[in-house]
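> Supplied in structure tokens, the structure appears directly below.
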Amino acid sequence: MSKDILSTRADFPILKQTINGLPLVYLDNAATTHKPQSVIDAISRYYSTMNANIHRGNHTLAVQATQAYEDVRKKVATFINAPSSSQVVFTRGTTESINLVAYSFGQAFVKPGDEIIVSQLEHHSNYVPWLLMCQRQGAVFRVLPFDENSELDLQALEKLLNKKTRLVAVNHVSNTLGTVNPVEEIIRIAHAAKVPVLVDGAQAIQHLAHDVQALDADFYAFSGHKMYAPMGVGVLYGKKEWLEQLPPFQSGGEMIDEVTPDSVTFNVLPYKFEAGTPNVADVIGLGAAIDYLNQFNSAELQSYEDELLEYGLGLLRAIPGLTVYGNPRQRSAILPFNIEGIQHYDLGTLLDTKGIAVRTGQHCTQPIMDALHIAGTVRASLAIYNSRDDLDALAKGIDRVVRLIRRQT
Ligand code: PMP
């Protein structure tokens, strides 16, 4: 039987804290999620019982640490249904995963005059690496726009794709608007034009069920810290045929096969992309986070979070003067809004005085802000441990803050 979702709050020690004398209402989960005690314990256990460098030593601790690290690679492969754990590359996070592909793919496959398509809904992490790569390679950076419902225009995608297109980069879920992009459809359209697709899964991995093979994604990137795992660890999944063809991103220890003064050959996958001492402790923490998530039925988890989102959207839409941004057919875990006449930053600061943590600003998505002609938004974002109580507290907090500001102005 799967674990009861309503019992999860107790698993996260940080949520027992008070902020400004009030119980913490944490609604900044798209920025980072908190860690259950089991993840914190796994990291601590690694340092207190195992700490050793991996793949190199043959003493007991080195063998145990290597085994534990490689076990997590298998666990990740099963979690996302990768055909082989050799297609799971550990990185620092989504940003590094995307930089790896932008750098290596650009170097191997992008010539002057070629084109890359990036959506207008992207986080800067899936925008700037492609922009810089296009500048380096003399390629053309094309932007796939979103419409008034904050959905990507798939007809525009078909028109943008042509013989010069080398890759499409798109997120699975927008961190700013919560749009769940039809990545399966996008991949089908791109593949019909023989173009590979990189999917940024940073906001999807913790909310949606995953199957990179069913999706047919060429690359899929995500961060541990947004899925209850530690900061500083992430994953790049890639199809074997692509990973084998890409040159290394970083070089140094462990990624080589043979080195002479005249030549260097590279290690097999995935080690070709893991130069230097990896973040072993946090990879082990990622394994513990996957164990934590595996206790739940993923369909139940998604419907719990979707119901919570609808509840929150209903509460927000009832607040006079409040605009919720975007109206996608499918939205995940993100509530983006502003209140007429109130700066998003002021609203966030005052909500914090009530113990309510939300994010304010551009959310690393200036292209979205420019398209919406706004400076920023307030963003509440959900995780497994949130409940209707948190959203009631948010709505009540907004009401109080708005009254306070209106009294003063
Ligand atoms: N893409 C999306 C959609 C994100 O939300 C984020 C984090 N806010 C990133 C990429 C970057 O992730 P990280 O900072 O963990 O590398």
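> Tell me the net charge near Leu152. Cut-off is 14 Å between Cβ atoms, Leu152 excluded, with +1 for each Lys or Arg and -1 for each Asp or Glu.
-4
> Let me ask something additional. All other residues with a Cβ under 14 Å from the Cβ of Leu382 taken together, and with Lys, Arg as +1 and Asp, Glu as -1, what is their net charge?
Taking every other residue near Leu382 into account, the sum is -2.
> For the range 196-240, what ratio Rg/Rh do Cα atoms give with a Kirkwood hydrodynamic radius?
Using only Cα positions, Rg/Rh for the range 196-240 is 0.97.
> Here's something else I'd like to know. Kirkwood hydrodynamic radius of the range 281-409 from all distinct Cα pairs, in Å?
After inverting the pairwise mean of 1/r, the radius is 16.2 Å.
> I need the Debye-formula profile for the range 340-399: one equal scatterer per C-alpha, no solvent, reported as log10 I(q)/I(0) at q = 0.14, 0.22, 0.25 1/Å, two decimals.
-0.43, -0.92, -1.05
> How large is log10 I(q)/I(0) at q = 0.15 Å⁻¹ when the Debye formula is applied to the Cα atoms of the range 108-224, each weighted equally and without solvent?
At q = 0.15 Å⁻¹ the computed log10 ratios are -0.61.
> Would you compute, from DSSP H runs of 4+ residues alone, the mean residue ellipticity of the chain at 222 nm, taking -39500 (n - 2.57) per run and dividing by the full residue count, rounded to the nearest 500?
Value at 222 nm, helices only, nearest 500: -12000 deg cm²/dmol.
> As an exercise, take the mean of 1/r over every pair of distinct alpha carbons in the range 166-295, invert it, and state the Kirkwood radius in angstroms.
Roughly 16.4 Å, rounded to one decimal.
> Quick one: what are the phi-derived ³J(HN,Hα) couplings along the range 161-168, Karplus 6.51/-1.76/1.60 with θ = phi - 60°, whole Hz, x for glycine and proline?
After applying 6.51 cos²θ - 1.76 cosθ + 1.60, I find 5, 8, 5, 8, 6, 9, 6, 10 Hz.
> Along the range 278-285, what does the Karplus equation 6.51 cos²θ - 1.76 cosθ + 1.60 (θ = phi - 60°) give for ³J(HN,Hα), rounded to whole Hz, x for Gly and Pro?
Listing the rounded values in order: x, 7, 4, 4, 7, 4, 5, x Hz.
> Also: Among Leu22, Phe12, Thr66, which residue has its Cα furthest toward the positive end of the charge dipole of the range 1-66, with +1 on Lys/Arg Cβ and -1 on Asp/Glu Cβ?
The residue sitting most towards the positive pole is Thr66.
> Still on this structure: Taking 0.36 nm per residue of sequence separation and subtracting the Cα-Cα distance, how much length would be gained by fully extending the chain between Ile256 and Glu158, in nm to one decimal?
Length gained between Ile256 and Glu158: 31.2 nm.
> In terms of modelled amide H atoms, which long-range or inter-chain residues lie less than 5 Å from the amide H of Asn181?
Close amide H contacts, sequence-distant or interchain: Val173, Ser174.
> Rounding to the nearest 20 debye, state how big the charge dipole of the range 41-293 is about its Cα centre with +1 on each Lys and Arg Cβ and -1 on each Asp and Glu Cβ.
Roughly 340 debye for the range 41-293.
> I'd like the Karplus ³J(HN,Hα) series for the range 399-406: coefficients 6.51, -1.76, 1.60, θ = phi - 60°, whole numbers in Hz, and an x wherever there's a Gly or Pro.
So the J values, rounded to whole Hz, are 4, 5, 5, 5, 4, 4, 5, 5.
> Cα centroid distance between the range 90-143 and the range 285-351, in Å?
29
> For the chain, set up a Gaussian network in which alpha carbons nearer than 10 Å are linked by springs, and say which option among Pro23, Pro320, Pro367 fluctuates the most.
Residue with maximal mean-square fluctuation among Pro23, Pro320, Pro367: Pro320.
> Positive end of the dipole of the range 344-406, charges at C-beta (+1 Lys, Arg; -1 Asp, Glu), about the Cα centre: which of Gly361, Leu350, Gly376 has its Cα farthest in that direction?
Leu350
> Which one of Val173, Val195, Phe219 is farthest out on the positive end of the charge dipole of the range 162-226, using unit charges on Cβ (Lys, Arg +1; Asp, Glu -1) and the Cα centre as origin?
Ranked along the dipole, the leading option is Val195.
> When the gyration tensor of the chain is built from Cα positions, what are the square roots of 5 times its three eigenvalues, in whole Å, from largest to smallest?
Output for the chain: semi-axes of 36, 28, 18 Å.
> In whole percent, what relative contact order does the chain give with Cα contacts below 8 Å and a gap of six or more residues?
Over the chain, the number comes to 23 percent.
> In square angstrom, rounded to the nearest 10, how much accessible surface does Leu350 have for a 1.4 Å probe?
50
> Any idea what % of Cα-Cα pairs in the range 47-153 are farther than 18 Å?
65
> Report Glu241's accessible area, 1.4 Å probe, all protein chains in place, as a number in Å² to the nearest 10.
Only protein atoms counted, so the area is about 100 Å².
> Calculate how many DSSP beta bridges within the range 41-293 are antiparallel, expressed in % of all such bridges and rounded to the nearest 5.
45
> A further question on this structure: At 1.4 Å probe size, what's the solvent-accessible area of Asp257? Round to the nearest 10 Å².
100
> In nm, to one decimal, how far is the modelled label at Gln37 from the one at Gln295, with both set 7 Å along Cα→Cβ?
1.0
The values are calculated or read from the model by the stated rules, or taken from the named source; none is laboratory data. Worth saying up front: this structure is predicted, and the values here are computed from it rather than measured. All Cβ positions, even for glycine, are placed from backbone atoms using ideal geometry, and neighbour counts span all protein chains on display. Keep in mind that these areas ignore ligands, DNA and RNA; they rest on the heavy atoms of the full protein, side chains included. Shrake-Rupley method; radii C 1.70, N 1.55, O 1.52, S 1.80 Å.
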